[in-house]
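In what follows, a single structure is set out as structure tokens and then discussed.
The values are calculated or read from the model by the stated rules, or taken from the named source; none is laboratory data. Values in this document were obtained by computation on a predicted structure and should not be read as measured data. Using ideal geometry, Cβ is built from the backbone for each residue, glycine included, and neighbour counts are taken over all protein chains shown.
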Amino acid sequence: MRVLTVPRYTGSGEDHWQSHLERSDAAIARVHQRDWNRVDRQEWAAGDPGPAPFAVGSSAGTHPRGGQ
């Protein structure tokens, strides 16, 4: 199963639980978003023909203004 971690819009530091999780398993990868004010969920899975990933969020990738 492919797992994506979704950091808060400011990211997750090296000692954050997501960073530890990502280092523990090669199947776990962090979502990198070009513009957190305009989230493109399709971009997260671009180029991967496999099954839909399971997303694990920290504050569910939230923006303090609700993504506005």
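Okay, here's what the table says:
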{"quantity": "Residues satisfying the stated conditions in the stretch 6-20, i.e. modelled with pLDDT under 85 and of a type in the set (S, T, N, Q)", "calculated": "Thr10, Ser12"}
{"quantity": "Of all residues in the stretch 28-51 being among the small types (Gly, Ala, Ser) and exposed (fewer than 10 other Cβ atoms within 10 Å of the Cβ), the one that is modelled with the highest pLDDT", "calculated": "Gly50"}
{"quantity": "Tabulated pairs, the stretch 20-33, first more than 16 Å from Met1 (Cα to Cα), second surrounded by 10 or more Cβ atoms within 10 Å (Cβ to Cβ) and β-branched (Val, Ile, Thr), C-beta under 9 angstrom, 6+ apart or interchain", "calculated": "Gln33/Val6; Gln33/Val39"}
